[in-house]
Amino acid sequence: MIPAVDISEYQGVWQNYPADIVLIKMSGGDSGLYMDPDAARNYTDAKASGKHVGGYHFIGWTIGASSEATYFMQAMSPLAENDVYALDIEAIPAGCNPVAYVQQMVDLIHSHINVWPLVYMNVSTLKTYDWSNVLKTCGLWLADWNNNPGGTIPNVPTYVMQQYSDGPNYDHDEWFGTLAEFDAYGWHAPVAAPAPVEQAPTPQPAPVSTPAPKPAPAASTQPTVVTSTPKPEPTPTVITTSQTKNDNPTVIVTKVEPTPPSMNWFSRFIHWLERVLHL
């Protein structure tokens, strides 16, 4: 359990109360819509003292649930991280349907700031009406001065905090949980979506360049000149023979024969021999 106090203008000048949690009366609707005269100072000083803070609205029942809920949110503005909201349910007039009234208030508050308030009531009010639908979403802050907070109050739904005394000097409460669990009932700024992570571009293979085809050579406009190299004339072959007839002086016969271009030495020899034998 964690000690808590709830205070309003009736406690006078702010004191550094010996409790980690402080519930401050911020506004009411039982005498028109009004702000508690000491609400701003109490809130500022409680925050400065490092307290876990909540604010509550005393419901008036006659002005309209929507008007009271809207006024309460204005009294609690600006929104601050972990601030807990609570509705003080007491002094219910005859002919009023308190369950429907409170349900409308909590739904409106939740739709605007995404917070389900705590609901404060005594054991008699809790047992007189069917609060089951409200308590599906809202934590119960139960007032019971006849039972020690160290024990368990019989035949009641689960409650998260108990007011067990109205003095001396201030109302005494106990929170049944951790400070983190108290803060969890408070307002929380929406969590910003993470910034998109820039992905590095996937490296792409460099394109393979295809060489451009070479242009065909341009057709020449000049006439083609065909030059033929004349074959060389065969070198004439000089054949000289000597003959002796009837003991006459030697007669020299000389003939000039063209040498066939393709004749080799053997062919030349045969050709020479034939000439000699036919002389």
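Does I92 qualify as being free of Cβ contacts under 8 Å to residues at least 40 places away in the same chain, touching a strand residue (DSSP E or B) at 6+ places or on another chain (Cβ under 8 Å), surrounded by 12 or more Cβ atoms within 10 Å (Cβ to Cβ) and part of a loop (DSSP other than H, G, I, E, B)? When the stated conditions are applied, I92 does not pass them.
Of S67, S31, S8, all but one fail to be among the hydroxyl-bearing types (S, T, Y) and at pLDDT below 95; the exception is S31.
Which of the residues that make up the range 171-186 are open to solvent by 30 Å² or more (accessible area, probe 1.4 Å), over 16 Å from N148 (Cα atoms) and either modelled with pLDDT under 95 or not in a helix (DSSP H, G or I) (or both)? Scanning the range 171-186 gives T178, Y185.
Might you check whether a residue that is among the acidic types (D, E), open to solvent by 40 Å² or more (accessible area, probe 1.4 Å) and farther than 16 Å from D171 by Cβ occurs anywhere in the range 58-73? No - not one qualifying residue is present in the range 58-73. Residues in the range 134-149 that are under 47 Å from the mean Cα position of the chain (by Cα) and farther than 15 Å from Y56 by Cβ were compared, and the one that is surrounded by the fewest Cβ atoms within 10 Å (Cβ to Cβ) is K136. Just one residue in the set T158, T137 is over 16 Å from V22 (Cβ atoms), free of Cβ contacts under 8 Å to residues at least 24 places away in the same chain and assigned to a loop (DSSP other than H, G, I, E, B); that residue is T158. Checked against (1) of a type in the set (D, E); (2) more than 20 Å from A80 (Cα to Cα); (3) open to solvent by less than 50 Å² (accessible area, probe 1.4 Å), D6 passes all but condition (2).
If you go through the range 15-42 and keep only what is open to solvent by 50 Å² or more (accessible area, probe 1.4 Å) and within 39 Å of the chain's Cα centre (by Cα), you end up with just D20.
Of the candidates D88, D45, D36, the single residue that is of a type in the set (D, E) and within 27 Å of K136 (Cβ to Cβ) is D88.
Taken together, the residues in the range 64-82 that are part of a loop (DSSP other than H, G, I, E, B) and under 11 Å from G29 (Cβ atoms) amount to 1. All conditions but one from (1) open to solvent by less than 30 Å² (accessible area, probe 1.4 Å); (2) without any contact (Cβ under 8 Å) to a residue 40 or more places away in the chain apply to N122; the one that does not is (1).
The values are calculated or read from the model by the stated rules, or taken from the named source; none is laboratory data. The shown structure was predicted, so the numbers you read here are calculated from the model rather than taken from an experiment. Neighbour counts are summed over all protein chains in view; Cβ atoms, including those assigned to glycine, are modelled from backbone coordinates with ideal geometry. Only protein heavy atoms, including side chains, enter the accessible area calculation; ligands, DNA and RNA are left aside. Shrake-Rupley method; radii C 1.70, N 1.55, O 1.52, S 1.80 Å.
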